[in-house]
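S.K.: Before we start, here is the structure in question, set down as structure tokens.
The values are calculated or read from the model by the stated rules, or taken from the named source; none is laboratory data. As the structure is a computational prediction, the values presented were derived from the model and not from experiment. Here Cβ is always computed from backbone atoms with ideal geometry, including for glycine, and neighbour counts include all displayed protein chains.
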Amino acid sequence: MRHTRLRLGVLLLSPLVLLAVPACKQPPPKVLCIMRNPQTGQTATMYKEIPFKVPADYNEQKHIAQWKLEQTGKGFTEEAPAPQ
């Protein structure tokens, strides 16, 4: 009988937990740079790196410059303003 009550309690609480999970939204990632391909209209977007995934000697400005150079080689030659 005791196990039945426990199972019933878990079944009744499960939907409440599922409803609470969407309320814990992550903030959207920060956009650092947007490059646009003038021929196709497509855009390439660079987002801020997750802090715990970057090495200790990470240089964001150097990374942005390197990323822009790579995108220019792919035809993304126009820089679009990034949303603030």
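S.K.: Give the range 1-28 a look and list any residue that's over 23 Å from Ala80 (Cα atoms), modelled with pLDDT of 60 or more, part of a loop (DSSP other than H, G, I, E, B) and not basic (Lys, Arg), or say none.
M.R.: Those that are over 23 Å from Ala80 (Cα atoms), modelled with pLDDT of 60 or more, part of a loop (DSSP other than H, G, I, E, B) and not basic (Lys, Arg): Cys24, Gln26.
This table checks each residue for (1) farther than 23 Å from Pro27 by Cα; (2) among the hydrophobic types (A, V, I, L, M, F, W, C); (3) in contact with a helix residue (DSSP H, G or I) (Cβ under 8 Å, 6 or more places away or on another chain); (4) at pLDDT 95 or above.
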site	(1), (2), (3), (4)
Gln42	yes, no, no, yes
Thr45	no, no, no, yes
Glu60	no, no, no, no
Lys68	yes, no, no, yes
Lys74	yes, no, no, yes
